[in-house]
Amino acid sequence: MLWPCVIAFFVSFIVCALLRRMARRHARRYPKDMPQRQHKGDIPRIGGVAMAAGMGSAATMALLSSYHGDPANLRLGWWVIYWGLCMVPAVLGGLIDDLTQRLTVRWRFLLTFTTAALAVYFLGVSVPRLGIDWIDGMPFLWPWLGIALALVAIAGLPHAFNIIDGYNGLACMVAIIIALALAHVSIQVGDRSMAVIFLITAAANAGFMLWNYPLGRIFAGDGGAYLWGCVLSIGSIVLVQRHPSVSPWFPLLLLIYPVWETLFSIYRKWVRGGSPGDADALHIHQLIYRRIVHRVFDEDEARDMLMRNNRTSPYLWGYTLLTVLPAVLFWHNTWVLMLFCAGFAALYTYAYISIIRFKVPIFLRWSNSHSDADSPPDK
């Protein structure tokens, strides 16, 4: 399964290099007063095109290989093409917004929901069970509950990744970690076709990552975030559908960080009387940037911001590993996975409230440095 990953990596890497040269005019269109903007200068926001190119090229070559003897035993079929076509509305909508900044939240959600509906119709994607006997034993709930859950998951996860895509390498590394975890379990259950899809996803992200972190020379944009969300949500549900031994709570625990970030953000905006679709600068990664990560005090403001930007992402990478490691260990044990999901939600909420109150939780402190969280917020 190595050669499709090599193709995905190098195609993504090369296309990123080309886009940096070709997209300078587009980069200047991004408003400088956006609350989520945490960088200086005009940076292209269409890295999702490069990742899609890498994944598409590798998947196409792997599919052709499967129809010419399948020497790598990848077992891919034409469903891979249908999968890619189903994702077009969401990814294309994200790209249009990256280029124009004019696509409203309502239209973007409609496009991700269209992708979800196409996946349900053409791929038969549906959550087959919840792993809870008394719910799974209610025949009048199924398959409608499974279809509804699949629609919500596929339509919502792209926006969840878009929310956490705030700093160099943050969302990209989270996607790589989750894709590798899904590939690992796919190999455990003998599903090489799903494993190669997840490995291709990780490899294409790695090609983009070299340009995105630490220098931030190109961003994924909405198109990239929607690509991550679509691939991982559809792939997770298909993996659970194909293999009864895989708990449906396994992918939920893998994805609990972006999922809970989204649900918590909707709640806090609702409590404050705002719209869930309004952008703000109060997500946990933004609080860590402002209240935990140390200032560089460089004379160059752009360099100061870049250094603090890069120091923010590792906090959340480590946070993601707190859920990925138990998910990989207990991927077949529903109740243990549920317990870890609840634990992460409680830990996240505690950390968020603590940072808001200028108190840094112990697990977010660097052991060899002094935190500035007790100082007033940036003005």
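Results, tabulated for the structure shown:
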{"item": "Approximate spin-label separation residue 88-residue 188, in nm, with each point projected 7 Å along Cα-to-Cβ", "result": "3.6 nm"}
{"item": "Relative packing of 158-166, 11-19, which averages over residues the other C-beta atoms within 10 Å, highest first", "result": "158-166, 11-19"}
{"item": "Convex hull (Cα only) mean projected area of segment 188-283, reported in nm² to one decimal", "result": "7.9 nm²"}
{"item": "Rounded FRET efficiency, nearest 0.05, which uses the C-beta distance separating residue 42 from residue 14 and R0 of 22 Å", "result": "0.50"}
{"item": "Rough spin-label spacing in nm, given labels placed 7 Å along Cα→Cβ, for residue 133 and residue 356", "result": "4.0 nm"}
{"item": "Sum of -39500 (n - 2.57) over DSSP H runs of 4+, divided by residues of the chain (222 nm, nearest 500)", "result": "-22000 deg cm²/dmol"}
{"item": "Percent breakdown of C-alpha pair distances by 10 Å bin, ordered from the shortest bin, for segment 153-238", "result": "20, 50, 26, 4"}
{"item": "Mean Kyte hydropathy of 0.0 or more with a Cα span along the axis of at least 18 Å, helices from DSSP in the chain", "result": "2-22, 47-66, 105-122, 144-164, 170-188, 192-212, 221-242, 256-271, 301-329, 334-356"}
{"item": "Length released on extending from residue 242 to residue 67, taking residue separation times 0.36 nm less the Cα-Cα span", "result": "60.8 nm"}
{"item": "Calculated diffusion of the chain, Stokes-Einstein form, Kirkwood radius summed over Cα pairs, 25 °C and 0.890 mPa s, µm²/s", "result": "115 µm²/s"}
{"item": "Portion, in percent, of the accessible area of the chain that falls on carbon or sulfur, probe 1.4 Å", "result": "67 percent"}
{"item": "Mean accessible surface per residue for the chain, computed with a 1.4 Å probe while every protein chain stays in place, in Å²", "result": "46 Å²"}
{"item": "Summed residue charge, Cβ within 12 Å of residue 352's Cβ, Lys/Arg positive, Asp/Glu negative", "result": "+3"}
{"item": "Gained length - residue 325 relative to residue 281, 0.36 nm times residue gap less alpha-carbon distance", "result": "12.9 nm"}
{"item": "Efficiency of FRET between residue 114 and residue 339 - r from beta-carbon atoms, R0 30 angstrom, step 0.05", "result": "0.25"}
{"item": "Stokes-Einstein D (µm²/s) once Rh is taken as the Kirkwood radius of segment 116-200 over alpha-carbon pairs, at 37 °C in 0.692 mPa s", "result": "220 µm²/s"}
{"item": "Inter-label distance, nm, simple model (7 Å from Cα along the C-beta direction), residue 215/residue 317", "result": "1.8 nm"}
{"item": "Förster-model FRET efficiency, 41 Å R0, residue 107 and residue 79, C-beta, rounded to 0.05", "result": "0.90"}
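The values are calculated or read from the model by the stated rules, or taken from the named source; none is laboratory data. Since we're looking at a predicted model, the values are computed, not measured. We place every Cβ from the backbone using ideal geometry, glycine too, and count neighbours over all the protein chains shown. Calculation scope for accessible area: heavy atoms of the full protein, side chains included, ligands and nucleic acids excluded. Shrake-Rupley method; radii C 1.70, N 1.55, O 1.52, S 1.80 Å.
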